[in-house]
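Any read-out appearing in this document is the output of simple, stated calculations on the displayed coordinates, not a laboratory observation. Fair warning: this is a prediction, and the values are worked out from it, not measured in the lab. Methodologically, a virtual Cβ is constructed for each residue, glycine included, from the backbone with ideal geometry; neighbour enumeration extends over all protein chains shown.
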Amino acid sequence: MSEPQRELTIAVLIKQVPDINAVVVDPTSRQANIGGGRVMNTYDAYAVGEALAIKDRFGAQVTAIAAGPPAARDVLLRALATGVDEAILINLPNHNDIDSLTTARILAAEIVKHNFDLVLAGQSTDDCETGQVGPQIAETLKWPHVSLATHVELSDRELRVSRDAEASKETIEVPLPAVLMVLSGREESQRYPTLKGMMAAKKKTIPVVEVVEPTAARRLEWSVPVAIEREAEGIVVQGVPTDEAARQLVAWLKEQKLI
Amino acid sequence: MSSPIVLVIGEHRNDRIRPASLELVTAARELANLVDGEFVVAVAGSDIGHIASEFANVEGVDRVVVIEHPSLAPFLPGPWTGAVSSIILQIEPFAVLIPSSITGRDYAARVAARLDLALVPDALTLSIDEGQVVAHRAVLGGRVQTAVRFVASSPAMVTVAPGAYSRSVTCEHAAPIESLRIAVNDRDTRATLVDKTEHTAGAKGLTGANRIVSGGRGLGKAENFALVEELAAVLDAAVGASGATVGAGWRAHSDQVGSTGHTVSPKLYLAVGISGAPQHLVGMSGSDHIVAINRDPDAPIFKIASFGIVGDLFEIVPALIGQLKSTVD
């Protein structure tokens, strides 16, 4: 390489999502009551861990980016407290009202400004589960992407990515810049905020980027999500003593010739 | 005006049509009938003439188009994005249905971005309302469903969840087959597959197993998987895991059942502490008999369970193990 190597720059994308374990279905309206809890999306926490693992091994400047309401600052603070260098909040209060492609284009525009080498995102989100934003950022930027990434090696601006496909483990080589969607939280890349990290994070400035609210006509309309009415096909045992419930199941398994 | 076309991107693996694609045939035929339209299957890959012939024999298929290019095998999202975009531009369909598999989702999102289209993933049902496509899908961990309507995006583009429709069958008819040409852009070929290892014997045991006992987040922590393993041992069953437990690092990814793991269809699938996120359901809903043990009566797993017990798994599973042991003895 004739030109001096500049330090690798990584953007890690984070979404603040409702805690889906706290979702309660209202028995009358059948609508989901999301509750107050907002957390860092599960797979995005793995992406943060992978970004910091790459930083440790190869050296990198890591910036966390979230698009959402002002409260999404909380997940950026958490990322900073675990060791991310910088954080940016894209002010998008109605982020759940726009489709994944519009979100991807807003994030891509921010990524271009900073000339990042590598973008890491979680494989999917806990709430909407589209898994589309990562590949759509890659497409918008005309970069390649690798999904289901479990491990990353880097040499000469070429990534060697391990991924878990459907029935196989694969190794993909891809040049930078690229987008990776992170699947798993390996033990060694799990990061947790430290008290010291928390203190340092609170001293950092998180710039807020204002974007023009998307004016394009909405391509999709969503109905209010409701719980599905259960079909009365299967047998459901409820409110009976444990031994009796187990006995009924064993009897049924025999009847169906499953044991 | 010619009749509207419903286009399915047919999937194949190891030289066979993937069963999920036969479900898409059913979904697409129903949708095409609703708009009095034509239903076309596109098959892409390298050396796939026989796959095209197989699709031509499937009931409900009006026409098959074949796209052959060396860059389309082995699968990488770049060349497939180029190919599928090109197919859509040439066929000009009213709706595009793509299997919600790992590969399908990997290129569908990029194709939508390239063609400036909205994409709804994991559709469970498709219908037409006032001329517009409406797709139902589950959100918030599968607890609730939303109806998504395409209002200003054409063609309507969806990935269809496996198990959502029944499989179409082969019949006497043979739909016409024609070839389409595509060009592959350099920018779509920057990633290279350098190594591929099929999953280990243990994981294969999962896909071929007659009985599977799977554990979910309801187990609380990794150590509690011992209960699932003990129950599996008594039933001579393989052990599976939900995506949530794999994500949390409790189990290896090779144990995972669901959209980012294995698709299984055993005679007996016993789900312990699994709420039934759609990503899990798509991997096991084809099982003959589904048993669910869960604390939450509203958990989606009960919707598809043939036998469900609402209660505390830490009480029920040990009782079940005890009774099964005495039955076997």
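Points worth noting:
- Given charges at Cβ of Lys, Arg, Asp, Glu: the protein assembly as shown dipole, positive-most of A:119, A:168, A:72: A:72
- Length-normalised contact order for the range B:1-155 - Cα pairs under 8 Å, 6+ apart - percent: 22
- Peptide-level mean, for B:289-295, of C-beta atoms on other protein chains within 10 Å: 3
- Centroid-to-centroid, using Cα positions, the range B:258-276 and the range B:218-253 are 11 Å apart.
- Shielding of peptide A:140-153 by partners, expressed as the average count of other chain Cβ atoms within 10 Å per residue Cβ, is 3.
- For the residues A:149, A:72, A:109, a GNM of chain A with alpha-carbon springs under 10 Å puts the largest fluctuation on A:109.
- Mean sequence separation of contacting Cα pairs (under 8 Å, at least six apart), scaled by the length of chain A, corresponds to a relative contact order of 22 percent.
- The range B:34-110 versus the range B:3-31: alpha-carbon centroid distance in Å: 8
- Placing unit charges on the Cβ atoms of the charged side chains and taking the dipole of the range A:8-210 about its Cα centre, the candidate lying farthest along the positive direction among A:34, A:22, A:192 is A:192.
- Pairs of Cα atoms in the range B:1-143 fall into 10 Å distance bins, from 0 up to the last occupied one, in shares of 11, 44, 36, 8, 0 percent.
- For A:54, A:137, order by how many other beta-carbon atoms lie within 10 Å, fewest first: A:54, A:137
- Charging the Cβ of each Asp and Glu at -1 and of each Lys and Arg at +1, and nothing else, the dipole of the range B:201-328 about its Cα centre rounds to 220 debye.
- Bridge orientation summary for chain B: considering DSSP beta bridges with both residues in this region, about 25 percent are antiparallel.
- Diffusion constant of the range A:8-210 at 10 °C, which comes from Stokes-Einstein with the Kirkwood Cα-pair radius and 1.306 mPa s, µm²/s: 92
- Net charge contributed by nearby residues that have their C-beta within less than 13 Å of residue B:89 (K/R +1, D/E -1): 0
- Each principal axis of the Cα cloud of the protein assembly as shown was taken in turn, and the coordinate range along them, longest first, works out to 75, 67, 47 Å.
- Cross-link table A:142/B:196; A:196/B:221; B:267/B:303; A:113/A:142, entries beyond 21 Å C-alpha to C-alpha: A:142/B:196; A:196/B:221
- Residue order, fewest to most beta carbons within 10 Å, for B:80, A:222: A:222, B:80
- Over all Cα atoms in the range B:201-328, the spread is summed up by Rg and Dmax: 12.9, 37 Å.
- Per residue of B:244-250, other chain Cβ atoms within 10 Å of the residue Cβ number 4 on average.
- Equivalent ellipsoid, chain B (semi-axes from 5 times Cα gyration tensor eigenvalues, Å): 38, 21, 18
- For chain A, the residue among A:253, A:131, A:81 whose Cα projects farthest onto the positive side of the dipole built from Cβ charges is A:81.
- Taking chain B and dividing mean pair separation by its residue count, relative contact order in percent (alpha carbons under 8 Å, at least six apart): 15
- Sites residue B:236 and residue A:171 - FRET efficiency at Förster radius 35 Å, r taken between beta-carbons, to 0.05: 0.45
- Per-residue ellipticity at 222 nm, computed for chain B from helices alone with -39500 (n - 2.57) per DSSP H run of at least four residues, works out to -9500 deg cm²/dmol.
- Using the Karplus relation 6.51 cos²θ - 1.76 cosθ + 1.60 with θ = phi - 60°, the per-residue 3J(HN,Hα) values for the range B:302-317 come to 5, 5, 10, 6, 7, 9, x, 10, 8, x, 7, 4, 5, 9, 6, 4 Hz, with x marking Gly and Pro.
- Calculated mean residue ellipticity, 222 nm, chain A: -9000 deg cm²/dmol, from DSSP H runs (n ≥ 4) at -39500 (n - 2.57) each, averaged per residue and rounded to 500.
- Environment charge at residue B:295 (Cβ cut-off 12 Å; Lys +1, Arg +1, Asp -1, Glu -1): -3
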